[in-house]
Amino acid sequence: MASGLDKSLDDMIKSKPRPQRRRRVPTAKAAVLGAGNLGAGAAVKAAARQAALPTPKAAEPTVTQAQQEARKIIVSNLPLDVSETQIKELFGTTVGKTREVNLAFNNKGQSKGIAHVTFTNKGDGFKAYKEYNGRLIDAKSPMKIELILEPVKPAPPTLASRVAPTPKVAPAAPRAATNGTASATRGAAARGRGRGGRGGRTRRAPKSAADLDQEMEEYVAAPATDAGAPAAAPAPAA
């Protein structure tokens, strides 16, 4: 015991075993919610990783056929010192040949910063819209371009669709029997009945040889009379 007391405080601290620190286990909530519950450092790292991910592109609006074929545009938000010649030069050298450029002015003759541009070829208006809409002028104001859509004319109907369909021929109705035809029909029916049809005379059965002999004997045995002479009168009584 005396040996233990002789030790210095430093020796006693060194000889005493250090308690082991228990490792902190993340809770179920932290596992589900993610880095927000794991400390500020982990949250910053998670935010940095999220920012490094590419931003999904928004779906582009559907472009109609009329927009693709547009040749007229309205250019607005132009500086007041821009002239029609400058507008014509800009679009004529970068987009296509212009047919007409009209800059709008107020009652005092000052520019409104709005111009109507008509291109020669179809589709150049849409081309100018894609090229210059939203681009800054003098690094200050964005140029605004709107399309003027022309009504799409429907295709002319074909000649085949304009021709009337082939008429359907109705079946011929049965003709009524005439008097001659009806008489011939009745005569044929009568002849059919005479040949043994319903209501006609029945044919006699052929006679045998015995029947013929019997008739001959009866004929011979009968008294001979003159069929054309008158019958004899009976004799007077005595």
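Below are the figures for this structure:
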| read-out | value |
| --- | --- |
| Among the residues listed as 114, 148, the single one being open to solvent by 50 Å² or more (accessible area, probe 1.4 Å) and more than 43 Å from the chain's Cα centre (by Cα) | 114 |
| The listed residue being more than 30 Å from residue 73 (Cα to Cα), at pLDDT 75 or above and not hydroxyl-bearing (Ser, Thr, Tyr), out of 167, 156 | 167 |
| Residue, modelled with the highest pLDDT, within region 138-153, restricted to residues that are of a type in the set (A, V, I, L, M) and in a loop (DSSP other than H, G, I, E, B) | 143 |
| Subset of region 128-145 [of a type in the set (D, E, K, R) and open to solvent by 100 Å² or more (accessible area, probe 1.4 Å)] | 130, 135, 138, 140, 144 |
| Residues within region 93-108 that are in a strand (DSSP E or B), open to solvent by 100 Å² or more (accessible area, probe 1.4 Å) and under 16 Å from residue 82 (Cβ atoms), tallied | 1 |
| The listed residue being part of a loop (DSSP other than H, G, I, E, B), over 43 Å from the mean Cα position of the chain (by Cα) and at pLDDT below 90, out of 186, 175 | 175 |
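The values are calculated or read from the model by the stated rules, or taken from the named source; none is laboratory data. If you're wondering where the values come from, they're calculated on a predicted model, not measured in any experiment. Neighbour counts are summed over all protein chains in view; Cβ atoms, including those assigned to glycine, are modelled from backbone coordinates with ideal geometry. SASA here: full protein model, heavy atoms, side chains in, ligands and nucleic acids out. Shrake-Rupley method; radii C 1.70, N 1.55, O 1.52, S 1.80 Å.
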